[in-house]
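Asks: If you scroll down you'll find the structure; I have some questions about it.
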Amino acid sequence: MSDTQAGSNSPHLDEGEQEQAADHSTPPALVIHEIVREEGEAAMERTVSALAWSALAAGLSMGFSFLTQAVLESALPDSPWRSLVDSFGYTIGFVIVILGRQQLFTESTLSAVLPVLTRRDLNTFRKALRLWGIVLGANLVGTAIFAAMLQLPGVFSADVEGALNHIAQAPFSGSFEVTVVRAVFAGWLIALMVWLLPSARSARLLTILLVTYVVAVCKLSHVIAGSVEAMYAVMSGTASLSDYFLVFLLPTFSGNVIGGMSLVALINHAAIAPEITDGDAA
């Protein structure tokens, strides 16, 4: 597909109409790449405290995916189609985080790796590692706090608590290899969503809902959303800390990174790398 904006050279449109047509066209891949890359570089330059607080807020917000899904599950009959409906609850945390511009680790696997691939210097790589470390750590702390809040007695009905306990077993349902593969697909989808958002415009909300719904309905593994569930299980006594780290966190983290970085960042970057090289040469 050509990267020329729609209507930019049309002999049937005047200058104003050409600009209007260009405004409604899909941005070229290079433009999307640069938008995402610049967002990543801006995040790298943020202070430790700014990153940590934003990431902590994101971890807390992701807890609403777990809670809303449990509320929906508790209100629905035990039927084969129930997961098709309660999976919509999973999308809520992502909507809050992304539209609220909070710092989520799986978004950073794309936005932070593009500057590394573009600049290819040690300083940028160090900044990316710093970003990932701070964001992942604060995200996980936020999920633990939210899980602890859900443990308070009497806040939710017995039906909701039962649904919370049921959903909290999901992160431990697969073998190490199965969880890694599920996490690869989840990381791939979330990174693709980040790539799609610059061209989504007024459809940003719909894009977030659709992509994260696929993650939920396919029962894929997301390191932050799943951390709320897994930590809730640990605090409830149905899983151990070793289960949290070895059965859930390690394979899910690995798969999300592989899916977000290798399959999306590297491939999408490779697609426009010649254009970046040509631009630098010019």
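The values are calculated or read from the model by the stated rules, or taken from the named source; none is laboratory data. All of these numbers come straight from a predicted model, not from anything done at the bench. Note: ideal-geometry Cβ built from the backbone for every residue, glycine included; neighbour counts use all protein chains shown.
Asks: Can you tell me how many residues in region 1-33 are within 22 Å of the chain's Cα centre (by Cα) and either buried (at least 18 other Cβ atoms within 10 Å of the Cβ) or modelled with pLDDT under 60 (or both)?
Replies: Total satisfying the criteria: 2.
Asks: Anything in region 196-243 that is crowded, with 20+ Cβ neighbours inside 10 Å, in a helix (DSSP H, G or I) and not β-branched (V, I, T)? List them, or say none.
Replies: L197, A216, A225, G226, S227, E229, A230, M231, Y232, A233
Asks: Quick one: in region 91-120, of everything that is more than 14 Å from E41 (Cβ to Cβ), assigned to a helix (DSSP H, G or I) and among the polar types (S, T, N, Q), which residue is modelled with the lowest pLDDT?
Replies: Here the residue is T109.
Asks: Going by the conditions given, is V184 touching a residue at least 12 places away in the same chain (Cβ under 8 Å), closer than 30 Å to H33 by Cβ and touching a Pro at 6+ places or on another chain (Cβ under 6 Å)?
Replies: The answer is no for V184.
Asks: Could I ask something else about it? Find all pairs meeting these conditions: Cβ atoms under 9 angstrom apart; at least six residues apart or on different chains; first residue within region 129-154 and farther than 23 Å from V113 by Cα; second residue among the aromatic types (F, W, Y) and surrounded by fewer than 23 Cβ atoms within 10 Å (Cβ to Cβ).
Replies: F146/F64; L150/F156
Asks: Another one. So which pairs qualify, if the first residue must be in region 35-58 and modelled with pLDDT of 95 or more and outside any loop (DSSP other than H, G, I, E, B), the second must be exposed (fewer than 13 other Cβ atoms within 10 Å of the Cβ) and of a type in the set (K, R), the Cβ gap must be under 9 Å, and the two must be at least 6 apart or on different chains?
Replies: S54/R101
Asks: For D121, all conditions in the list (1) acidic (D, E); (2) under 16 Å from the mean Cα position of the chain (by Cα); (3) surrounded by fewer than 24 Cβ atoms within 10 Å (Cβ to Cβ) hold save one; what is the number of the exception?
Replies: Unmet condition: (2).
Asks: So which residues in region 44-61 are more than 23 Å from R126 (Cβ to Cβ) and either of a type in the set (S, T, N, Q) or in contact with a Ser or Thr (Cβ under 7 Å, 6 or more places away or on another chain) (or both)?
Replies: Within region 44-61, G59, S61 meet the criteria.
Asks: With the requirement that a residue be surrounded by 14 or more Cβ atoms within 10 Å (Cβ to Cβ) and either under 16 Å from D243 (Cβ atoms) or not hydrophobic (A, V, I, L, M, F, W, C) (or both), what does region 152-164 give you?
Replies: E161, G162
Asks: Next question. Return the residues of region 125-162 that are hydroxyl-bearing (S, T, Y) and either modelled with pLDDT under 95 or outside any helix (DSSP H, G or I) (or both); say none if nothing qualifies.
Replies: S157
Asks: Can I ask one more? Out of everything in region 124-151 that is more than 16 Å from V223 (Cβ to Cβ) and among the hydrophobic types (A, V, I, L, M, F, W, C), what residue ends up being surrounded by the most Cβ atoms within 10 Å (Cβ to Cβ)?
Replies: A128
Asks: Now a separate question. From the list V211, V215, V223, V228, exactly one residue is in contact with a His (Cβ under 8 Å, 6 or more places away or on another chain), under 20 Å from V97 (Cα atoms) and at pLDDT 95 or above. Which is it?
Replies: Every option except V215 fails the conditions.
Asks: Let me ask another. Which members of region 71-115 meet the condition of being touching a Lys or Arg at 6+ places or on another chain (Cβ under 9 Å), more than 19 Å from G260 (Cα to Cα) and among the aliphatic types (A, V, I, L, M)?
Replies: L72, L76, L99
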